[in-house]
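Shown next, in structure tokens, is the structure this report addresses.
The values are calculated or read from the model by the stated rules, or taken from the named source; none is laboratory data. Quick caveat: nothing in here was measured; it's all calculated off a predicted structure. No Cβ is skipped: glycine too gets one built from the backbone with ideal geometry, and neighbour counts run over all protein chains shown.
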Amino acid sequence: MSENDKYYIERCLDGHPDDYRHLVRRYQAILLANLAGKLGNKDRAEEAAQEALVRAYFNMGKLKRPDAFFSWLLGIADHVAKEFQRKEQIKRQREIVRSFSQDAPAAELSQDYALEAAIAELPHAYRNVVLLRYYGEHSCNQISEQLDMPLGTVTKQLSRAYAMLRQTLQQQEQAGSLSPKE
Amino acid sequence: MKCEDCKGILVEYIEGLLGESQKQQVAEHLKDCPNCRAEVQQLTKLHERLVQNGKALARDDFENDVMNKIIREQNVQLKAASRAVKALDIRRIIMKSPFVKIAAAAVIIIAVLIGINPFGSTVTFADVIKPILNARTIICDLIIGSDESGPVMHEIIVDSRIRRTMSNMPGMTHIIDLESSQMLALFDEDKTALYIDIQGDLGDRTQSYVRFLRNIIMKLKDNPNIENLGEQIIDGHKAIGFKGGNSNEEVTIWADAKTLLPIRINLRIGQMYSILKNFELDAPVDESLLSMDVPAGYTLKDAQFDLGNSTEQDFVESLRVWAKVLGDGTFPDAIGTESAMKDVAILGQKLGEMNLSEEEATQMGIAFGKGTLFHQIIDGRGDDWKYVGAGVKLGDAGKAVFWYQPQGSQTYRVIYGDLTVKDIALEDLPK
């Protein structure tokens, strides 16, 4: 890992917009994972991730604490995800009206993103640690530095997150085997 | 080591964060304890799955896509900003140039007058539309375009009169009386006033924006195809939305979920989009603001201008102005009301630099205004039209710039780069 977020943000604000590239590279997989988990579809996750990164770029000046870029960016991504979900909901309503069908088709969540969906549901503190560890390829020590928390807290949060993930995944599997796919 | 202690440090164990002796202790314990062994297996499985997924999601060109999007967006923003700055800079030129006075008047009128189309069928969002239908005075902002990048027109509407000011042309006010099909333009800078006639063809088939909106709404009542868009936060308010229309017109109304007063209305007529917002219904209005008399202190220009009956020839002339003046010999990326709204000030600046006589400038202004109105009429009427002139050189007889199918006609009228016009069958339209 080269320079920290704050360095690149200051460079961007200082008239070197191309340095934003480093931040995009650093967080793209994290955003994609989070959004694929929420939206259940890779193409839409990509679209939403790009949108979130573009918005973050144009609002960078409003970011008060540059070292909190990561959680701020995730917040924007969450917001974009909500917008996308809302749009999707409206689109679906329209389709229902058009087809005169009585029941709404259940939201399709691809099995491929079962894990990401479970991560997206974690409490934010746990979610952020998991995303940084696996999708941002940070070591536990780097996370502790980036999020400014003791190493022991990072591992404890990971441990709790694992437990929750396992539970959610188990429930998903059970639900998947019990109810016939309609 | 107890199971409890072991489980407490398994994450550290897997992550390789333990010191030698602790690592040994865990390894020893795992040898003897099938329970903890199973736990490690489970955790490792999850850990590996996470590692795999993390690698699978990255994509090489993602980064470039984002950077390109940022560059594109930046260009759009820069362009809008330079437009705004230019618009303010050239205020003086605008006020001195008769061309801009006329063209601005035309643009203003364009946004008021809308072709009428019979509307199909008719649902009950009656509660939402009642306030719009019943208000005697309406104050709102109107923006032409599908986004909010265009200039804002501030409107005060009382009965058949509208008082309008525009954000990109300060110092200019228009009062439009739809009953008499007349418009009074007031210019603060040189304290002049101008009457503009909008009778004729245009006057007959047009009506006020608000009345048009009311008509659409009336026709939409009891329409089974009306869509309930549900609740959303619009401009900071919890709002309820409805959408309806036909192929030529579409209206989306967002009203405050509690008071049912309108918050935002999006309207599409033909290929023109507009946004109405910041509503104040039945606010007290000083009606002298809407008087059609020349206010004290203003001098009335003796010339009367007629923007009434516009023809295809006017439209062709307006295309010439677009290409020659605005595009330096090349047709612009887009024409029509939205572009005219945004570019009329820049156009005025360029014309100011050309040192035309007042007579010439006025002629050009009328042609441009009437041409833009002609386009507005065919769009509002629902004629099939397309502008394909982006980048075409003025004088290029081999390339089409615009075509449309006049109402009731079997063939299309095609306008070429040299501004000749031909009748062409649908299948022969340039690709």
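At least 3 residues that are in contact with an Asp or Glu (Cβ under 8 Å, 6 or more places away or on another chain) and modelled with pLDDT under 75 in each: list the helices (runs of 4 or more DSSP H) lying fully within the stretch B:90-185 that qualify.
It comes to B:91-96.
Report yes if B:Leu289 is in a helix (DSSP H, G or I), more than 24 Å from B:Gly417 (Cα to Cα) and out of contact with any Leu (no Cβ under 6 Å at 6 or more places or on another chain), otherwise no.
yes
Across the stretch B:11-24, what is the number of residues that are more than 16 Å from A:Asn141 (Cα to Cα) and buried (at least 17 other Cβ atoms within 10 Å of the Cβ)?
Number satisfying all stated conditions: 0.
Could you please let me know if A:Gly136 is at pLDDT below 90 and of a type outside the set (Ser, Thr, Tyr)?
Yes: the conditions hold for A:Gly136.
Quick check, is B:Lys55 under 60 Å from the mean Cα position of the chain (by Cα) and either among the charged types (D, E, K, R) or not in a helix (DSSP H, G or I) (or both)?
For B:Lys55, the condition - under 60 Å from the mean Cα position of the chain (by Cα) and either among the charged types (D, E, K, R) or not in a helix (DSSP H, G or I) (or both) - is met.
Whether any residue in the stretch B:305-318 is on the phi > 0 side of the Ramachandran plot, part of a loop (DSSP other than H, G, I, E, B), at pLDDT below 90 and crowded, with 18+ Cβ neighbours inside 10 Å is what I want to check.
no
Looking for whichever is buried (at least 22 other Cβ atoms within 10 Å of the Cβ) and charged (D, E, K, R) here; the options are B:Lys350, B:Lys399, B:Lys370, B:Lys386. Which one fits?
Going through B:Lys350, B:Lys399, B:Lys370, B:Lys386 in turn, the sole match is B:Lys370.
So in the stretch A:9-25, with the set limited to residues that are of a type in the set (D, E, K, R) and more than 16 Å from A:Gly136 (Cα to Cα), which one is nearest to the other protein chains (Cβ to nearest Cβ)?
A:Asp18
Would you be able to say whether some residue in the stretch B:187-200 is under 30 Å from B:Asp235 (Cβ atoms), surrounded by fewer than 22 Cβ atoms within 10 Å (Cβ to Cβ) and among the aliphatic types (A, V, I, L, M)?
The answer is no, given that none of the residues of the stretch B:187-200 is under 30 Å from B:Asp235 (Cβ atoms), surrounded by fewer than 22 Cβ atoms within 10 Å (Cβ to Cβ) and among the aliphatic types (A, V, I, L, M).
Within the bounds of the stretch B:34-49, is there any residue that is within 13 Å of chain A (Cβ to nearest Cβ) and assigned to a loop (DSSP other than H, G, I, E, B)?
No: zero hits.
Restricting to the stretch B:10-33, name every residue that is more than 8 Å from chain A (Cβ to nearest Cβ) and among the aliphatic types (A, V, I, L, M).
Passing the criteria: B:Ile14, B:Leu18, B:Val26, B:Ala27, B:Leu30.
Can you tell me how many residues in the stretch A:133-147 are facing chain B (nearest Cβ under 10 Å) and of a type outside the set (Ser, Thr, Tyr)?
5
Show me the strands (runs of 3 or more DSSP E) entirely contained within the stretch B:329-431 in which 2 or more residues are farther than 28 Å from B:Leu142 by Cα and modelled with pLDDT under 85.
Result: empty, no element qualifies.
When the residues of the stretch A:37-67 are filtered to those that are at pLDDT 90 or above and facing chain B (nearest Cβ under 8 Å), which remaining residue is farthest from A:Asp148 (Cα to Cα)?
My answer is A:Glu46.
Looking for something part of a helix (DSSP H, G or I), within 20 Å of A:Gly136 (Cβ to Cβ) and either within 11 Å of chain A (Cβ to nearest Cβ) or in contact with a Lys or Arg (Cβ under 9 Å, 6 or more places away or on another chain) (or both) - is there at least one such residue anywhere in the stretch B:66-78?
Yes, the stretch B:66-78 has at least one match.
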